[in-house]
Structure formats: C-alpha cells, structure tokens
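We did not get these values from a lab; they are worked out from the coordinates using the rules stated. Everything numeric here is computed off the predicted structure, so don't read it as measured data. Virtual Cβ from ideal backbone geometry, glycine too; neighbours counted across all protein chains shown.
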Amino acid sequence: MTAKDYFERVLDAEKRLYLIRQKRAHWEEMATRMSGISDVKIRSTDMHSPTEDAATRLADLSRELDEEEARYTALVQEAQKVIDRLPQEKFRQVLTLRYLCGHSWKTIWDEMDYHGEKSVYRVHGWALQAAQQWIPGEDTK
C-alpha cells in the first residue's frame, strides 16, 4: 500500500461517518414528525407502524455509527503515529492538514505560507515518501 492510499483511508472513513450521520439525522427527523401519528398497526400483524420502523432504523444506524466511529478513531490514531515519526515539521504539518483535518490544497498553502500549489504538492510528495517507511505492514527501509 502506498502512503497516499494509507492516508486516504482516513478521508474515506470520515466520508462514511458523515453519510451515516446524515441518515441518522433523517430518521430522527422522521421519528419526530411521526410522534404525533397513531401507532395503529397496518392490516397485517407483521407490519410495523411508521414510528416503530423509524425507531428500529435509528437504533440500527446508531450501532452502525458507533462501529464506524471506533474504526475511524483507530485509523486516525494509527495515521497520527506515522505522521509523528516524520523528522521534518513541514512534512508532519502538510500530512496532518490534508489527511487528518481534510483541508483543501489552497487552505494548506495559505496556512503554511507557501506561494502556490506547486510548493505544497512538492512538500506533500516528499512527506509521503518519508512516511512510506513507517506505514504498518510495509518493509522498513
């Protein structure tokens, strides 16, 4: 696995968390709206009321969110350990801003006081090369 792929897992996990949170917010809203609706069963005994259905989905999403948050936290902690091993502050800073904070390239070069994207891309590339040796499962060079 390349260092870039390794760090992009953190961004991917964050996106999954965001989507799960959006789903949960949707079902919380649905449950709130339906709280005034009668919980009368619909014809068949195996059918649930809209409120029961929303509550069940909320419980499922909460479990899913808890599991995803635990995976995300572990990924961030693992990535932070790799970043902390890098010898140069600018390498640690560019990788932290990009992968742990999710900043855009423009924000990164502004924050690091670079003048243009090429400078940031170059430092980013060097940082990834330096990090490669610390990626878990990779051979140390």
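Values for this structure:
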item	result
Theoretical ellipticity at 222 nm over the chain - DSSP helices of four or more residues, -39500 (n - 2.57) apiece, nearest 500	-23500 deg cm²/dmol
Under Karplus coefficients 6.51, -1.76 and 1.60, residue-wise ³J(HN,Hα) of the range 87-95 in Hz, glycine/proline x	x, 9, 4, 5, 5, 4, 5, 5, 6
Pairs of alpha carbons in the range 3-132 whose separation is greater than 19 Å (percent)	61 percent
Cleavage-rule hits, trypsin sites (Lys or Arg not before Pro), the range 58-133, DSSP coil, Cβ neighbours within 10 Å at most 10	none
